[in-house]
Amino acid sequence: MFKICTLACAILVIGCATTPEPQMVESKVVSPAFYTLKEGAVIPNKAPLPSQTKIFVNWTYSDGGKSSQEGFRGWDIDRDGNFDMLEALDAEGKPYMWAYDFDGNGVIDAVADSSTKKAKINSAQGGDLPFEVAHH
Ligand SMILES: [Ca+2]
Ligand SMILES: [Ca+2]
């Protein structure tokens, strides 16, 4: 269930860090106009590792130009074809935010943000939990 609909909701919640800055091209300001998302091929890692899907952000600019960058990664931990975790990537391709669907119902259960070092839990208990980002 954590596919396109939930992916779109997750992206609305966690944002898109790959939004390009306006640039001067031939004496005109060229700004990003809109983007579409495109799933890449599923990378079926060897069990018990989760399968991984790259999600590309395809930008169209005010002058009609286009660019593409990996903006998200979907992880299917139980290999049922639906994402259980979505990572948002910064402009350098490093994960900075994570959305989780622990129970596979298509509803985001938690969002962890490395900038605040907190995880927001969507449950009856709710609340924020501190966390650390592991650096390898
Ligand atoms: Ca899954
Ligand atoms: Ca859920």
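Against the condition loosely packed, with under 13 Cβ neighbours inside 10 Å and within 25 Å of Ala119 (Cα to Cα), how does Asp78 come out, does it pass? The answer is yes for Asp78.
Matching residues to (1) modelled with pLDDT under 95; (2) within 13 Å of ligand 2 (Cβ to nearest atom); (3) outside any strand (DSSP E or B):
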position	(1), (2), (3)
Thr60	no, no, no
Glu87	no, no, no
Gly93	yes, no, yes
Gly104	yes, yes, yes
Ala112	yes, no, no
Lys120	yes, no, no
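Of the residues making up segment 87-109, those that are in contact with a Ser or Thr (Cβ under 8 Å, 6 or more places away or on another chain) and either within 16 Å of ligand 1 (Cβ to nearest atom) or among the polar types (S, T, N, Q) (or both) number 5.
The values are calculated or read from the model by the stated rules, or taken from the named source; none is laboratory data. Nothing here was measured: the structure is a model prediction, and the numbers come from that model. In this analysis, Cβ positions are derived from the backbone assuming ideal geometry, glycine residues included, and neighbour counts consider all displayed protein chains.
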